[in-house]
Amino acid sequence: MKVAELEALLSAHEHDAWSPEFLAAHDDHDRFPAEAVAVLDEAGFGRNYVLDRDSSFPGMTALIRAVARRDLTVAIAHGKTFLGSAPVWVAGTAAQVSAHADRVRAGEVVCWGLTERDHGADLLAGEFAAARLDDGWRLDGEKWLINNATRGGTACVLARTDPQGGARGFSVFLVDRSRLPEDAWQPLPKVLTHGIRGADISGFAAQGAVVGDDARVGEAGDGITVVLKALQLTRIACSGLSLGAADHALRIARDFATGRKLYGRLLADVPHVRQILGRAAATALTAEAVAVVATRSVHALPGELSVVSAIAKAFVPTQVQRLLGSVAELLGVRGFLTSAPGTGFAKLERDHRICGIFDGSTAVNRAALLAQMPRLGRLLRAERLDADGLRTTARLDAGLPAFDRDRLVLTSPTGCSLVQSLPAVASWAPDVLTEVDGLAETAAAFVPAIGGLPSEAFDLAARYERAYAIACCLHLWSENHQDSLLWTDGLWLRACLAVLLGRDDEEAFDAMAAVLLDWKTPAFSILGEAA
Ligand SMILES: Cc1cc2nc3c(=O)[nH]c(=O)nc-3n(C[C@H](O)[C@H](O)[C@H](O)COP(=O)(O)OP(=O)(O)OC[C@H]3O[C@@H](n4cnc5c(N)ncnc54)[C@H](O)[C@@H]3O)c2cc1C
């Protein structure tokens with residue numbers, strides 16, 4: 001499916017299932033947006049979640065973004081099937097992949113059971129257990145705060161297979177609920193939430209649930225590895241959710257600024273408002289630049305995804321949350337009210353909060369990045385990189401190689417080519433070079449530790465993310481060109497660098513505001529119609 005087809009489909013339903021008022025009413029009552037989800041299901045949207053050699057990861061993420069810019073709750077509720085399926089795509093046998101792909105194409109709802117009530121992000125503490133039987137496994141335990149746990153017909157679940165636990169003590173199972181007696185697999189009650197209130201956030205309890213050995217995904221004991229590889233994909237795909245939220249927020253801000261008159265003039269003409277709008281627009285584009293490069297890296301730099309996914313999952317939701325904060329301030333009461341003249345912004349802001357929490361919080365992703373930091377620092381000093389992979393990643397008209405799951409690894413042998421290319425690509429920018437020098441030195445000297453990292457370490461991770469974002473912008477700029485106002489005289493690059501380097505470039509932000517105020521396509525994007 002192409003984004004334009006999806007846009008046409010959702011536009012056709014914007015007075016019924018996809019009407020913002022209808023979706024807001026579901027949200028008000030903590031009710032699942034079943035009608036909107038049915039529109040996607042009837043169009044066979046599930047087939048986009050199948051990741052095979054013909055798939056385009058950027059294409060799938062763009063579709064998630066297109067759903068999210070209309071309603072983030074629906075995007076998260078529906079998109080969970082991709083997250084729950086990712087372990088199968090990275091580690092399933094040919095038979096598992098084929099059978100699961102058929103089910104997902106047919107609209108199967110899949111949930112992803114990692115978290116437990118008492119253990120949060122600490123996966124190695126998980127107690128949900130799988131005990132080996134002669135010809136299968138017996139599952140017992142609870143997973144809690146699981147999206148689609150009640151509606152999902154299939155659950156992908158991480159279970160402890162060695163009572164001693166440890167890195168080799170867990171395995172992943174793909175459980176078909178329809179094959180189990182009802183009392184062996186019970187959904188838990190819906191949990192009320194601050195945002196995405198209509199989503200099916202619940203959990204499940206297994207009690208003597210017997211599954212065959214063919215339910216195991218990956219080798220016994222490989223569960224943590226399978227999960228970490230799957231997260232490399234899901235954390236990048238989640239950027240589509242945040243980009244959709246950014247499109248939605250910018251649309252609300254544009255409509256407000258062009259419709260609201262104060263002191264005899266439009267808000268859109270007030271210089272301070274234009275600075276806020278321009279900076280917000282540029283902030284969205286920094287997130288987009290990272291997401292574009294990260295999604296293309298799934299094909300072109302797969303060996304670096306352990307680094308890239310952690311950066312994308314920490315950086316993109318953080319930037320978009322920042323953008324939402326500035327738009328909230330601009331909207332004043334219209335960002336706060338949930339009835340007229342509210343703009344729907346309050347729901348959007350609540351909904352997006354979860355993007356920085358689930359699938360690894362910002363802190364968890366920064367901790368993952370820090371684990372590789374000394375090596376990243378050394379490789380940055382050495383300026384070593386995968387030049388071919390980098391070029392393919394950044395050149396938007398370059399054909400992407402097929403996704404190859406065998407190239408996913410837990411630590412990146414080539415570090416992060418984007419950041420390591422900065423000394424060369426930013427040779428004309430002394431402030432970037434100074435920052436890169438300092439970053440290389442601090443990163444190389446950093447000593448990782450499990451848990452209890454000092455808080456300066458998280459600043460270092462944030463600095464590294466920023467360096468990555470700068471590199472994404474510079475490469476996208478130098479490898480591509482489009483005929484649009486954003487690309488004229490390097491406007492988007494200048495404004496993004498101002499955001500990333502903390503420059504107060506009033507002229508660039510004012511020009512960005514002008515583009516935003518005149519923006520007519522569904523996505524606010526450097527990609528033009530393709531986004
Ligand atoms: C709406 C919703 C949907 C969800 N959907 C799913 C789902 O489908 N499947 C699923 O498995 N889970 C799901 N979750 C659970 C979610 O992924 C967890 O909330 C997450 O794992 C974090 O757990 P926690 O909030 O209990 O925080 P904890 O893990 O208890 O962490 C507490 C705090 O410590 C920080 N922290 C944790 N580790 C580190 C570290 N190494 N370094 C520094 N700081 C750290 C965290 O960022 C957090 O601020 C969902 C949660 C919600 C609210």
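The values are calculated or read from the model by the stated rules, or taken from the named source; none is laboratory data. Just so it is clear, the structure is predicted and the values come from calculations on it, not from any experiment. Every residue, glycine as well, gets a Cβ built from its backbone with ideal geometry; the counts of neighbours run over all protein chains shown.
Considering each residue of segment 325-345, count those that are in contact with a Lys or Arg (Cβ under 9 Å, 6 or more places away or on another chain), under 19 Å from Pro20 (Cα atoms) and surrounded by fewer than 20 Cβ atoms within 10 Å (Cβ to Cβ), and give that number.
Residues of segment 325-345 in contact with a Lys or Arg (Cβ under 9 Å, 6 or more places away or on another chain): 326, 334, 338, 341-343, 345.
The next check asks that each one be under 19 Å from Pro20 (Cα atoms); those that pass are 334, 338, 341-343, 345.
Applying the additional criterion that residues be surrounded by fewer than 20 Cβ atoms within 10 Å (Cβ to Cβ) yields 334, 338, 341-342.
Of the residues in segment 325-345, 4 are in contact with a Lys or Arg (Cβ under 9 Å, 6 or more places away or on another chain), under 19 Å from Pro20 (Cα atoms) and surrounded by fewer than 20 Cβ atoms within 10 Å (Cβ to Cβ).
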Review point. Taking segment 202-225 as the search range and keeping residues that are surrounded by 24 or more Cβ atoms within 10 Å (Cβ to Cβ) and within 16 Å of the ligand (Cβ to nearest atom), which one is farthest from Arg69 (Cα to Cα)?
Key: Ala206
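Just checking, does segment 135-150 include any residue being among the small types (Gly, Ala, Ser), under 26 Å from the mean Cα position of the chain (by Cα) and surrounded by 14 or more Cβ atoms within 10 Å (Cβ to Cβ)? Give the derivation first.
Kept after step one, since they are among the small types (Gly, Ala, Ser), are these residues of segment 135-150: 136, 141, 149.
Checking which are under 26 Å from the mean Cα position of the chain (by Cα) leaves us with 149.
Retained after the next criterion (residues that are surrounded by 14 or more Cβ atoms within 10 Å (Cβ to Cβ)): 149.
Within segment 135-150, one or more residues are among the small types (Gly, Ala, Ser), under 26 Å from the mean Cα position of the chain (by Cα) and surrounded by 14 or more Cβ atoms within 10 Å (Cβ to Cβ).
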Point to revise | Failed criterion for Ala99 (all others in (1) closer than 30 Å to Gly218 by Cβ; (2) touching a residue at least 40 places away in the same chain (Cβ under 8 Å) hold) | key: (2)
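Out of curiosity, is Asp431 more than 16 Å from Leu379 (Cα to Cα), at pLDDT below 95 and out of contact with any Gly (no Cβ under 9 Å at 6 or more places or on another chain)? Steps first, answer last, please.
On the way: more than 16 Å from Leu379 (Cα to Cα): yes; at pLDDT below 95: yes; out of contact with any Gly (no Cβ under 9 Å at 6 or more places or on another chain): yes.
Taking the combined requirement at face value, the residue satisfies it.
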Review point. Ala68: at pLDDT 95 or above, under 14 Å from the mean Cα position of the chain (by Cα), among the aliphatic types (A, V, I, L, M) and more than 15 Å from Arg235 (Cα to Cα), yes or no?
Key: yes
Review point. Quick one: would you say Thr286 is in contact with a helix residue (DSSP H, G or I) (Cβ under 9 Å, 6 or more places away or on another chain), within 23 Å of Tyr464 (Cβ to Cβ), crowded, with 24+ Cβ neighbours inside 10 Å and modelled with pLDDT of 95 or more?
Key: yes
Check your understanding: Out of (1) in a loop (DSSP other than H, G, I, E, B); (2) farther than 24 Å from Asp222 by Cβ; (3) without any contact (Cβ under 8 Å) to a residue 60 or more places away in the chain, what's the single condition that is false for His194?
Key -> (3)
Revision key, fill the gap. Filtering segment 197-227 down to residues that are under 29 Å from the mean Cα position of the chain (by Cα), outside any helix (DSSP H, G or I) and of a type in the set (Val, Ile, Thr) yields Ile201, Val217
Practice item. Determine if segment 321-331 includes at least one residue that is in a helix (DSSP H, G or I), within 16 Å of the ligand (Cβ to nearest atom) and not assigned by TED's automatic domain parsing to the domain that holds Phe32. Key: yes
**Study point:** Given (1) at pLDDT below 95; (2) in contact with a Cys (Cβ under 7 Å, 6 or more places away or on another chain), index of the condition Pro87 fails
**Key:** (1)
Exercise for review: Please state which of the following conditions Leu124 fails to meet, knowing it meets all the rest: (1) more than 23 Å from Phe358 (Cα to Cα); (2) out of contact with any Leu (no Cβ under 9 Å at 6 or more places or on another chain); (3) at pLDDT 95 or above.
Suggested key: (1)
Revision key, fill the gap. Every listed condition ((1) over 25 Å from the mean Cα position of the chain (by Cα); (2) crowded, with 21+ Cβ neighbours inside 10 Å) holds for Ala469 save (1)
Exercise for review: List the number of the failed condition for Lys80; all other conditions in (1) more than 21 Å from Gln232 (Cα to Cα); (2) within 11 Å of the ligand (Cβ to nearest atom); (3) of a type in the set (Lys, Arg) hold.
Suggested key: (1)
Check your understanding: Scanning segment 96-105 for residues that are of a type in the set (A, V, I, L, M, F, W, C) and touching a helix residue (DSSP H, G or I) at 6+ places or on another chain (Cβ under 7 Å), which turns out nearest to the ligand (Cβ to nearest atom)?
Key -> Val104
Check your understanding: Only one residue in Ser525, Ser478, Ser455 is polar (S, T, N, Q), surrounded by 22 or more Cβ atoms within 10 Å (Cβ to Cβ) and under 27 Å from the mean Cα position of the chain (by Cα), so which one is that?
Key -> Ser525
Exercise for review: Residue by residue through segment 415-447, note down the ones that are of a type outside the set (A, V, I, L, M, F, W, C), within 15 Å of Tyr464 (Cβ to Cβ) and more than 25 Å from the chain's Cα centre (by Cα).
Suggested key: Pro423, Glu435, Asp437, Gly438, Glu441, Thr442
